[in-house]
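S.K.: First the structure, which I've put down as structure tokens, then a few questions once you've had a look.
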Amino acid sequence: MSGVGNNKLRQIRWAGEDQVVVWVSATTSLGIGFTADKVELSNALVIPVDGRKGWTVFGGKGSITGGVRGFYGIEQHDGRWYGYFGGITLEQDRGSAYLGDTSAELYEVDMADGRIRRIARRADSTIDRDWLINPDGTVAASLDFMSKDGSWKIRMAPARSWRRAETRSAASAW
């Protein structure tokens, strides 16, 4: 058992009957090349209650940076528990990784062993995207919010193709 140090405890949630997921955040200094000096970064810690070693979601995954960028639920299917988290995927160019876009992509994380699988791509950098997950782990819908003009779009995901469910401009949103 250990404390969270300088981290801020944000949320605790069960992932099955034998482990909990603890969300923490911390204010982190950014380096040269960023428009802000600091940012609040979040992480999700998976803690088994039976004494097994805990782990961090996306920990050790060199292709994902910036911790956890959104939580979209925990579901059980196919006899296993899975968590759905947003993560910033680094771009690849000639064998080297770089930060090209800070929009999150959606990942399914096996809560037993930490294996990850990307299940939805990021939106354009001008769009803030959220997802709704079905109990079987598929994406049920996405919400795109355009901060530039306040408009938004909800898209439903039927079995084979996406369809637009609703679109509103900022002026007509309410």
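The values are calculated or read from the model by the stated rules, or taken from the named source; none is laboratory data. Bear in mind that the values here come from a model prediction, so they are computed numbers and not experimental data. Don't worry about glycine lacking a Cβ; one is built from the backbone with ideal geometry, like all the others, and counts go over all protein chains shown. Just the protein is used for accessible areas: all its heavy atoms, side chains included, with ligands, DNA and RNA removed. Shrake-Rupley method; radii C 1.70, N 1.55, O 1.52, S 1.80 Å.
S.K.: Evaluate the following for I64: is it under 18 Å from the mean Cα position of the chain (by Cα), over 16 Å from G114 (Cα atoms), among the β-branched types (V, I, T) and modelled with pLDDT under 90? Explain how you work it out, then say what you get.
M.R.: Working: under 18 Å from the mean Cα position of the chain (by Cα): yes; over 16 Å from G114 (Cα atoms): no; among the β-branched types (V, I, T): yes; modelled with pLDDT under 90: yes.
For I64, the condition - under 18 Å from the mean Cα position of the chain (by Cα), over 16 Å from G114 (Cα atoms), among the β-branched types (V, I, T) and modelled with pLDDT under 90 - is not met.
S.K.: Let me ask you something else. Tell me the residue from I88, I154, I74 that is aliphatic (A, V, I, L, M), within 23 Å of L41 (Cβ to Cβ), open to solvent by 20 Å² or more (accessible area, probe 1.4 Å) and part of a strand (DSSP E or B), please.
M.R.: When all the criteria are applied, what remains is I74.
S.K.: Can you name every residue in segment 17-48 that is at pLDDT 90 or above, surrounded by 12 or more Cβ atoms within 10 Å (Cβ to Cβ) and either part of a loop (DSSP other than H, G, I, E, B) or not small (G, A, S) (or both)?
M.R.: D18, Q19, V20, V21, V22, W23, V24, N43, L45, V46, I47, P48
S.K.: Name the residues in segment 130-144 that are open to solvent by 40 Å² or more (accessible area, probe 1.4 Å) and assigned to a loop (DSSP other than H, G, I, E, B), would you? Full working, then the answer.
M.R.: First pass over segment 130-144, keeping only residues open to solvent by 40 Å² or more (accessible area, probe 1.4 Å): 130, 132, 134-136, 138, 143.
Those that are open to solvent by 40 Å² or more (accessible area, probe 1.4 Å) and assigned to a loop (DSSP other than H, G, I, E, B): N134, P135, D136, T138.
S.K.: Tally the residues that are open to solvent by 70 Å² or more (accessible area, probe 1.4 Å), assigned to a strand (DSSP E or B) and at pLDDT below 90, restricting the search to segment 97-129.
M.R.: Within segment 97-129, residues that are open to solvent by 70 Å² or more (accessible area, probe 1.4 Å), assigned to a strand (DSSP E or B) and at pLDDT below 90 number 2.
S.K.: Would you pick out the residues in segment 7-16 that are within 18 Å of G59 (Cβ to Cβ) and part of a loop (DSSP other than H, G, I, E, B)?
M.R.: Passing the criteria: N7, A15.
S.K.: Now a separate question. Is it true that some residue in segment 51-66 is touching a residue at least 60 places away in the same chain (Cβ under 8 Å) and closer than 25 Å to E17 by Cα?
M.R.: no
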